[in-house]
Amino acid sequence: MSDNLAMSPEQLQAIDKQHIWHPYSQVAQDQSPALPIVDSAQGVYLKLASGERVIDGMSSWWCMLHGYNHPVLNAAAKAQLDKMSHVMFGGLTHEPAIKLAKLLVDITPAGLDKVFFADSGSVSVEVAIKMALQYWYSLGRAEKQRLITIKNGYHGDTFGAMASCDPVNGMHHLFSTNLPQHHFLEAPPMGFDKPPCPRYLQEIKDYIAKHHHEIAAFILEPIVQGAGGMRFYSPAYLQEIKALCEEYDLLLIADEIATGFGRSGKLFACEHAGISPDILCLGKALSGGYMTLAATLCSEKIADGICNGEASVFMHGPTFMANPLACATALASTELLIQQDWQERVKNIETQLNLGLAPLHDASSVADVRVLGAIGVVEMKQEVDKEALQSALIEHGVWLRPFGKLVYTMPPFVSTNEELQQLCSAMVETLSQ
């Protein structure tokens, strides 16, 4: 162990390249640059082993609401660690899970009264899909076994979740022949403030009217489609989809893994449309980014339908479900969020992103610039060279992870105006070239 502690950054990077497979990456690329090693983190900053100190404009894939090393979250994790780090949730329960469940029921849209804890956002989607399927099976309507969704969606990397992602333009088309076949509609036209397109709404209604007998649920990301394109759409579409689900007897699953906990300007993106889904998926920011935790909430109608059916129980049970350490930290994070004026913070981030990214509207290489809440997106006309762009951004003191034509930021809510200005300036300087 002492030898490991004495390793240089170069030695660590060599081992990393030799043995570790990182997400969405090749392995053993002799020509690829070594990945930056994060030595520590504080507030919005990552300290790299090479000496740089960079603003994390990604909130570690959208989950570090309060930044790194927050004293309130640290204290909650340490206090729980002294009690117990984990205990099985089958046949047992514990205070952090109970308090967190009650808080989630209190702050989420009305009618979501039952909470099922899971390990990750993708698993929470699996849970939601299983809930929908088991609900209709329990009601004697086993023919309702397909999902319907919109293109450009992303719901996770596990098989059930993959099947509901965009089958052509998504990340999982390689597996399309191995996945359940669902129904896909065109994504709503972009534009949060644009009036809805009547023809598009009629097409949705006509399709659902034709196929509703075999559809269990409509699953979508409300208002903001994340990894499928960072698209923002009007709340009016969500209102219409909710109404159609009620009219044609479909469940509505809202995937708020990325949008939950204030990121879009509302505590939950469904609130932009004033609707409540039948099932709600949460993850990412749930624990303030400290450890993996997710939750799937559903209405009492769904829970009763499942439990009054053939199995009499919901057929799912992760080993680390409701991990006490994660629940205690998530409780502290969520309480910290709602006790602060988070709306004002997010509104200020939105203002700063609009101001700071404005010069890119005129850049010849930029196709679009869009901002909603604490989300800023620059869509380029051509796919970016990710590694070269990341290196350039690090030189400007910023960490981002672009994909495809998209360079975007979801900064921590604790970011100061100066930090936001540096973040935007780095994006403007590197993307204007």
*Among the lysines, which have Cα under 27 Å from the Cα of K47 when same-chain residues fewer than 8 positions away are ignored?*
K17, K78, K284, K386
*Which longest run of the chain has no exposed loop site in it, a site being chymotrypsin sites (Phe, Trp or Tyr not before Pro) in a DSSP loop with at most 11 other beta carbons within 10 Å, and the site itself not part of the run?*
25-433
*Computed FRET efficiency, Cβ-Cβ of F175 and K205, R0 30 Å: what is it to the nearest 0.05?*
0.45
*Take the Cβ-Cβ distance between D385 and T416 as r, set R0 to 41 Å, and report the resulting FRET efficiency rounded to the nearest 0.05.*
0.85
*Relative to the longest principal axis of the C-alpha atoms of the chain, give the angle of the C-alpha long axis of helix 198-211, reported between 0 and 90° and rounded to the nearest 10°.*
50
*Relative to the longest principal axis of the chain, what angle (0 to 90°, nearest 10) does the C-alpha long axis of helix 342-357 take?*
60
*Rounding to the nearest 20 debye, state how big the charge dipole of the chain is about its Cα centre with +1 on each Lys and Arg Cβ and -1 on each Asp and Glu Cβ.*
400
*Can you tell which of I302, I98, I241 shows the greatest fluctuation in a Gaussian network model of the chain with Cα springs below 10 Å?*
I98
*How many angstrom separate the Cα center of the stretch 367-433 from the Cα center of the stretch 264-281?*
27
*asked:* Which residue fluctuates most in the GNM of the chain (Cα springs below 10 Å): S264, S299, S164?
replied: S299
*Which of the GluC sites (Glu not before Pro) across the stretch 301-386 are loop residues per DSSP, with 15 or fewer other Cβ within 10 Å?*
E310, E383
*Could you pull out the pairs from K205/K266; K144/K210; K242/K266; K151/K210 whose alpha carbons sit more than 21 Å apart here?*
K205/K266
*Where is the GNM fluctuation largest for the chain (alpha-carbon springs, 10 angstrom cutoff): A285, A187, A295?*
A187
_If the only charges are +1 at each Lys and Arg Cβ and -1 at each Asp and Glu Cβ, what is the size of the charge dipole of the stretch 355-407 around the Cα centre, to the nearest 20 debye?_
140
*Potential extension, E143-F403 segment - 0.36 nm per residue separation minus Cα distance*: 89.8 nm
*Added length on full extension, which subtracts the Cα-Cα distance from 0.36 nm per residue, K83 to A41*: 12.5 nm
*Place +1 on the Cβ of every Lys and Arg and -1 on the Cβ of every Asp and Glu in the chain, take the dipole about the Cα centre, and give the residue among F403, A236, H86 whose Cα lies farthest towards its positive end.*
A236
*Taking H as built 1.01 Å from N, whose amide H comes closer than 5 Å to the amide H of L251, not counting residues under 5 places away?*
A217, F218
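Read-outs: derived from the displayed coordinates by stated rules, not from any lab. Here the structure is a predicted model, which means the values were calculated and not measured. Glycine gets a Cβ as well: all are built from the backbone with ideal geometry, and neighbour counts include every protein chain shown.
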